[in-house]
Structure formats: C-alpha cells, structure tokens
Amino acid sequence: MAELVFTKLQGNGNDFILVDEFEHELIPEELKAKFASLYTERRFGIGADGVLILSKGEKAPLKMRVFNPDESEAEMCGNGIRCLAKYIVDKGYDKYLMVSGFSKDSFPVETLAGVIQVSTKYDEDEEFMATIGMPAPKFNRSEIPATGEGEYKEEILEYTVYAVNTGVPHAVVFVDEVGAVEMAELAPAIRNHHTFLSGANVNFVEKREENVLHIRTYERGVEAETLSCGTGAMASAAVARKLGMVGDIVHVETAGGPLTVRLGEKNEMEGPARTVFTGSLEL
C-alpha cells in the first residue's frame, strides 16, 4: 500500500487536511473528491472541514484547491489559504518563490476564484499571521450567482437576506442576538433557497460595538456550522459596510477567534493559522 503524508492545520478552528502535491500527484484526480469525503469524517477519518491540495500553478507559482466533505470543490477558502500559507513558509518553499520573483513574506496563490495575494509574518508572540488580498465583493445577482437582476435582497423565512460573492457565494442575515439563532433549522433553508443557483454559505451577523461584528457561519459543502469562515467574515463586513453599519476596517468575531477585514481600494482579511499535527496513512 502507498503511504500518504499529510499535515493538519487550522485557522480560528476552521481545520484542514493539507496534501502536498508540489513535486508530484499523490491522490489521483478522479479520487480527490472521494478522499475528502472519507478523511474529513471526524470519527472514521482524520477529521476536518475540508482538504487542501497544494501544487504548482499555471497563473502563479503555487496553487490551492479545496475539496469539501460532500465531494464538491470550492472556489476559494479564506481560512484555508492562510493555512496553506503557513505550510508554504514553514516547509521552506521560499527558495522556489525567490526563483519566481517572490518571497515567503509576499506571494500569489492560484485558486479557482483567481490569483490571491498573500502576505505573511510571525507576530511578537511567535504566532503566524497572514493577510489575504481578497477578491472585490460582488453584489450583482448574476455574479453571486442568483436569479433575478440587480443586487440581492430577499425575504426568506421572515428574515431579510442579503447576498454577496467574496470568492464564494454568501448569504448574510442580520439578527439581534447571534447566539440565539437555530442554525440547524434556519441555515439549510437559506443555503438551498431556489434563488441561489449554486447554493450559498449562510452568515448570521450581530453588531454589538462600533466596527465589530459577531458572526456564525453555515458552510456550503461542509453542510454544517464551522467555527470560522474567512470569506464569510469578508462577506458579512462587506454587506454591513454597504448598509452603513460599519467603516472600512471591521473586526469580525467568529466562534473560533477574531479576524480583521479591510475594505476599500484593497480588500484584505488578516488572521492566524496554526499547524496541529503531521501524520501518514495507508491508501
């Protein structure tokens, strides 16, 4: 049997299995989605919210693919790309990046949502931090994608639902108390609403202080609430800013920890990533 080495990482509790295919393919293309389904399972597998595949890119030196537990492939993942960045820095891929004209402190990563710019550092507490240049939020229904014309605003289950694409489609719902939301009951109905042509992640958002949002996110593909979602933090902040609720710099509190979102000419998200463990398995 072939042995596959993997690394488990997490960004604010949003956890991933990373498989390094930089040198050569380890999981056949036709089995990648099934691998994610099997090994993200928390009782019979390794356990994770998704699988990250690192490889050489065509539009950038490095490429990230994201496979979900339901065997779908996501366009992008904000927490996932921070985890990928930590692996790249720790693994010593800076020599390859230097040959390509970049450094471990600043480099691009190819994703299905486009080329994403990444900046990295270790802070004064020796915690790894990454700032991700996020795609500009897209509010038009055709770009989410959703049915109809113009910007998205619908009444679903007596909630006002906004939507935006921040690399992946997100529904955003503002509530008085985010902790009181019955996620298991409400989120799937919004996630699968017929107006979302590719489904949507669902964020329930509460504003407690100036420029501070508390969010809970139900992720498409995971089909459950996760402890944090980077693109969800960006989506929630972008909609809140558009409605005049927050300014250009927004502190987003997720169940797994804080993220900082900057909106304007540059759209960025900053947060930590940590390596949990490395391991191997027999395929």
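The values are calculated or read from the model by the stated rules, or taken from the named source; none is laboratory data. Given the structure is predicted, the values throughout are model-derived calculations rather than measurements. No Cβ is skipped: glycine too gets one built from the backbone with ideal geometry, and neighbour counts run over all protein chains shown.
Looking at this structure, is residue 172 assigned to a strand (DSSP E or B), under 22 Å from residue 241 (Cβ atoms) and either in contact with a helix residue (DSSP H, G or I) (Cβ under 6 Å, 6 or more places away or on another chain) or basic (Lys, Arg) (or both)?
On the way: assigned to a strand (DSSP E or B): yes; under 22 Å from residue 241 (Cβ atoms): yes; either in contact with a helix residue (DSSP H, G or I) (Cβ under 6 Å, 6 or more places away or on another chain) or basic (Lys, Arg) (or both): yes.
Against the criterion (assigned to a strand (DSSP E or B), under 22 Å from residue 241 (Cβ atoms) and either in contact with a helix residue (DSSP H, G or I) (Cβ under 6 Å, 6 or more places away or on another chain) or basic (Lys, Arg) (or both)), residue 172 qualifies.
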Next on the checklist: Quick check on the stretch 233-246. Is at least one of its residues within 16 Å of residue 135 (Cα to Cα), part of a loop (DSSP other than H, G, I, E, B) and not assigned by TED's automatic domain parsing to the domain that holds residue 114?
Outcome noted: no
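Return yes or no: is residue 79 polar (S, T, N, Q), buried (at least 21 other Cβ atoms within 10 Å of the Cβ) and either under 17 Å from residue 113 (Cα atoms) or assigned by TED's automatic domain parsing to the domain that holds residue 259 (or both)? Steps first, please.
On the way: polar (S, T, N, Q): yes; buried (at least 21 other Cβ atoms within 10 Å of the Cβ): yes; either under 17 Å from residue 113 (Cα atoms) or assigned by TED's automatic domain parsing to the domain that holds residue 259 (or both): yes.
In short, yes.
Within the stretch 54-73, track down each residue that is of a type in the set (A, V, I, L, M, F, W, C) and surrounded by fewer than 24 Cβ atoms within 10 Å (Cβ to Cβ). Break it down stepwise before answering.
Initial filter on the stretch 54-73 (of a type in the set (A, V, I, L, M, F, W, C)): 54, 60, 62, 64, 66-67.
Scanning the stretch 54-73 gives 54, 60, 62.
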Checklist entry - Would a scan of the stretch 187-195 turn up a residue that is part of a strand (DSSP E or B) and either in contact with a strand residue (DSSP E or B) (Cβ under 9 Å, 6 or more places away or on another chain) or surrounded by fewer than 23 Cβ atoms within 10 Å (Cβ to Cβ) (or both)? => result no
Checklist entry - Can you name the residue in the stretch 133-160 that is crowded, with 18+ Cβ neighbours inside 10 Å and in contact with a helix residue (DSSP H, G or I) (Cβ under 6 Å, 6 or more places away or on another chain) and is also modelled with the lowest pLDDT among such residues? => result 134
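Just give me the residues in the stretch 109-148 being of a type in the set (D, E, K, R) and touching a Leu at 6+ places or on another chain (Cβ under 8 Å), in sequence order.
Initially, the stretch 109-148 is screened for residues of a type in the set (D, E, K, R), giving 110, 121, 123-127, 138, 141, 143.
Residue satisfying the conditions is 110 alone.
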Next on the checklist: Only one of 173, 212 is crowded, with 19+ Cβ neighbours inside 10 Å and of a type outside the set (Ser, Thr, Tyr). Can you tell me which?
Outcome noted: 173
Next on the checklist: Report every pair of residues separated by at least 6 positions or lying on different chains whose Cβ atoms are under 8 Å apart, first residue within the stretch 272-283 and among the hydroxyl-bearing types (Ser, Thr, Tyr) and surrounded by 15 or more Cβ atoms within 10 Å (Cβ to Cβ), second assigned to a strand (DSSP E or B) and at pLDDT 95 or above.
Outcome noted: 275/7; 275/8; 275/9
Item to check | Among residues of the stretch 199-232, those that are in contact (Cβ under 8 Å) with a residue 40 or more places away in the chain, outside any strand (DSSP E or B) and more than 22 Å from residue 40 (Cα to Cα), counted | outcome: 1
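Would you mind stating whether residue 11 is of a type outside the set (Ser, Thr, Tyr), outside the structural domain of residue 233 (by TED's automatic domain parsing) and surrounded by fewer than 17 Cβ atoms within 10 Å (Cβ to Cβ)? Before you say what the answer is, go through the steps one by one.
Working: of a type outside the set (Ser, Thr, Tyr): yes; outside the structural domain of residue 233 (by TED's automatic domain parsing): yes; surrounded by fewer than 17 Cβ atoms within 10 Å (Cβ to Cβ): no.
Here the answer is no, as residue 11 does not meet what is asked.
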